[in-house]
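**Student:** Let me begin by handing over the structure; questions about it come next.
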Amino acid sequence: MSAGIDKQIGDVAGTIGGDTGSAGVVKTRRVTLAKLPQASLRLESGRELGPFTLAYETYGTLSPQRDNAILVCHALSGDAHVAGFHAQGDTRAGWWDMLIGPGKALDTDKYFVICSNVLGGCSGSTGPASTDPATGTKWGTRFPMITIADMVNAQVLLLDHLGIPKLLAVIGGSMGGMQALQWAVAHPERVHLCIAMACAARQPTQAIAFNEVGRQAIMADPNWNGGDYYGKKAPAKGLAVARMVGHITYLSDDAMKEKFGRRLRDIGDYSFTFSADFEVESYLRHQGLAFTDRFDANSYLYITRAIDYFDLENGRRSLIDAFRGVRSRFLVMAFSSDWLHPPYQLKEIVGALRATHKHVSYYEVESAYGHDAFLLEREKMEGIISAFLASGARTFTASPRPQTEATGAATGRATAEPSPTTREAQA
Amino acid sequence: MQRVDYTLIEDMVPEGATVLDLGCGDGELLDRLVHDKNVRGSGVEISQEAVRACVARGLSVFHGDLDEGLADYEDGSFDVVILSFSLQQLRRPRFVVREMVRVGRLALVSFPNFAHWRVRGQLLVTGRMPVSKELPYEWYDTPNIHLCTIRDFRDLCRREGLAIERELYLRSFEEPAPALRFPNLSARIALFAVARAAPAS
């Protein structure tokens, strides 16, 4: 901890200013990485992948010192569209719009926010639904197995492309939190702040079990056809069931009781059939079905597998050992009613970091929304996140050597910089 | 308000020490120690608002119960463990003190002295639970569930086999009381520095 970091506590503690806005209209960009054969990405499985594409969005402006970049990592079903809108009049904002935009927790007037679709995904990045350049056909299950470490290593190439030497922060919930942890462990020199929420240092048994049910539902769908269904009927039924199971794990007993109770849908009494009498049934069916419009079943298999394989302790003596080399400051957040990743799993991360006196803060949000709370509890999250970012920004320089022209860091615009200067968000 | 108890604690913390502050509140003391004594500090705090304030100061803080805040640490993890005015609010004060001297080489414990003459006087004269600046709560909404006296705390140390390295008194948060003839009667606040007694050799 350097001296003098504590100058403006009053400015950053607690609340956010009243003027918050939308990140505006954004465009998803795509970049091809690992283009040369010798530059291909070596995956954890030992296989090589490259070239591949990552879809990403950016918001705000990279400072000339390149010291205000925040990488947002998405969860299982997320994508690069984390904030703002894709078109004027678009009603669906990005998936974490509540936290990202001018004046919000991830204030795009201050920070340059990046979010990319994970490797193995199906929203613009290379995944099993992409074409294998070697054969000219869709990868399907011939696509190499991807891990959380591979997703992060792909993001490293994206940051290299954007010319960002070191992130001010990496932030994510659920699988995004796992990526954030992986960033701090595998690339300690490139992350100043790590915010991990609603996740674990290793995928817990119960969560593997639920993922396996989802995978089995997909693979039991005759349309799945060993993963070769592109151009034919997709295994929508299987994917919908997988999503329904997943969705249950994202809610809580209380949230379900409050939202649906035992209420019946449209009908005064039981229909004495197997149609969706209960509101909760019809809700889950709708969620499952809607998901099949935007998600690829093979991607669901690959990404859940990546999550299940995640274990920071793997190959190390202990979790304490895994965190020994980290240099980031950590903010670990749990949500009280999250039973997919209950607070004890987050505390385990904190305990391992604390055991070797790493800079870590633990924060538990009181919420009835279960695992999904990290996507919903704006008011309970923004104060702690913005305070952590602001205090961290005061102790951060992106380059190992002090910048000589680093005087206008807060207001500087990246006018003199090459590739990453595109200001795609127009607030 | 200059917290004299904080100054006394600060004086007992060595430069560059590793410090754990249990019940660190908004992090004022820890922040002082980080800046004035260059300590490697970490706090434990139950209040969400206070945790946010700590994080805004750039401090490392654990949001939770003091009882569970210590389990992560191996023996002797810290040079100093501080329990500033929280002893009386703990569910298991004896356990926490035991844990403090386990994870820390030195434990600094401050608490309101329930045997101060005014406290005794209030109970004696009015027949009601005492309310004072150090004990500002009514009996029905007080977080102070394990009040003790200076003599009580000495007894606890003896029972736990702890060496009392220093014993300091305050007339109030602002006023130290370097030498008191009858501290258990005239000190409102006590500050103990205790450690595990060296094994007899």
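The values are calculated or read from the model by the stated rules, or taken from the named source; none is laboratory data. Being a predicted model, the structure only gives us computed values, none of them experimental. Glycine also receives a Cβ, built like all others from the backbone with ideal geometry; neighbour counts cover every protein chain displayed.
**Student:** Which of the residues spanning segment A:64-82 are surrounded by fewer than 24 Cβ atoms within 10 Å (Cβ to Cβ) and touching an Asp or Glu at 6+ places or on another chain (Cβ under 7 Å)?
**Tutor:** Answer for segment A:64-82, where residues must be surrounded by fewer than 24 Cβ atoms within 10 Å (Cβ to Cβ) and touching an Asp or Glu at 6+ places or on another chain (Cβ under 7 Å): just A:64.
**Student:** Also, quick follow-up: Considering only residues of segment A:353-364 that are among the hydrophobic types (A, V, I, L, M, F, W, C) and facing another protein chain (nearest Cβ under 8 Å), which is farthest from residue A:255 (Cα to Cα)?
**Tutor:** A:355
**Student:** Only one residue in A:180, A:196, A:184, A:200 is under 20 Å from the mean Cα position of the chain (by Cα) and in a loop (DSSP other than H, G, I, E, B). Which one?
**Tutor:** After applying the criteria, what remains is A:200.
**Student:** Determine, yes or no, whether residue A:204 is surrounded by fewer than 24 Cβ atoms within 10 Å (Cβ to Cβ), of a type outside the set (Val, Ile, Thr) and in contact with a helix residue (DSSP H, G or I) (Cβ under 7 Å, 6 or more places away or on another chain).
**Tutor:** So residue A:204 fits the description; yes.
**Student:** Hey, residue B:50 hits all of (1) out of contact with any helix residue (DSSP H, G or I) (no Cβ under 8 Å at 6 or more places or on another chain); (2) modelled with pLDDT of 95 or more; (3) within 21 Å of residue A:355 (Cα to Cα) but one; which does it fall short on?
**Tutor:** Result: residue B:50 passes all but (3).
**Student:** Identify the residue in segment A:339-350 that is touching a residue at least 24 places away in the same chain (Cβ under 8 Å) and surrounded by 22 or more Cβ atoms within 10 Å (Cβ to Cβ) and, among all such residues, is nearest to residue A:207 (Cα to Cα).
**Tutor:** Here the answer is A:340.
**Student:** Can I ask one more? Are there any pairs with C-beta distances below 7 angstrom linking a residue in segment B:154-174 that is farther than 13 Å from residue B:194 by Cα and in contact (Cβ under 8 Å) with a residue 60 or more places away in the chain to a residue that is assigned to a helix (DSSP H, G or I) and not acidic (Asp, Glu), with the two at least 6 apart or on different chains, and if so which?
**Tutor:** Once the first residue is farther than 13 Å from residue B:194 by Cα and in contact (Cβ under 8 Å) with a residue 60 or more places away in the chain and sits in segment B:154-174, its partners that are assigned to a helix (DSSP H, G or I) and not acidic (Asp, Glu) give B:170/B:4; B:173/B:4; B:174/B:4.
**Student:** Out of segment B:85-108, which residues are closer than 17 Å to residue B:176 by Cα and out of contact with any helix residue (DSSP H, G or I) (no Cβ under 6 Å at 6 or more places or on another chain)?
**Tutor:** Once the filter is applied, which keeps residues that are closer than 17 Å to residue B:176 by Cα and out of contact with any helix residue (DSSP H, G or I) (no Cβ under 6 Å at 6 or more places or on another chain), segment B:85-108 yields only B:85.
**Student:** Further question on the same structure: Mind telling me which of the residues B:11, B:36 ends up being more than 9 Å from every other protein chain (Cβ to nearest Cβ), over 24 Å from residue B:144 (Cβ atoms), out of contact with any helix residue (DSSP H, G or I) (no Cβ under 8 Å at 6 or more places or on another chain) and modelled with pLDDT of 95 or more?
**Tutor:** Step by step, each of B:11, B:36 is checked, and only B:11 is more than 9 Å from every other protein chain (Cβ to nearest Cβ), over 24 Å from residue B:144 (Cβ atoms), out of contact with any helix residue (DSSP H, G or I) (no Cβ under 8 Å at 6 or more places or on another chain) and modelled with pLDDT of 95 or more.
**Student:** The conditions are (1) closer than 24 Å to residue A:65 by Cα; (2) out of contact with any helix residue (DSSP H, G or I) (no Cβ under 9 Å at 6 or more places or on another chain), and residue A:170 fails exactly one of them. Which is it?
**Tutor:** Residue A:170 satisfies all of (1) closer than 24 Å to residue A:65 by Cα; (2) out of contact with any helix residue (DSSP H, G or I) (no Cβ under 9 Å at 6 or more places or on another chain) except (2).
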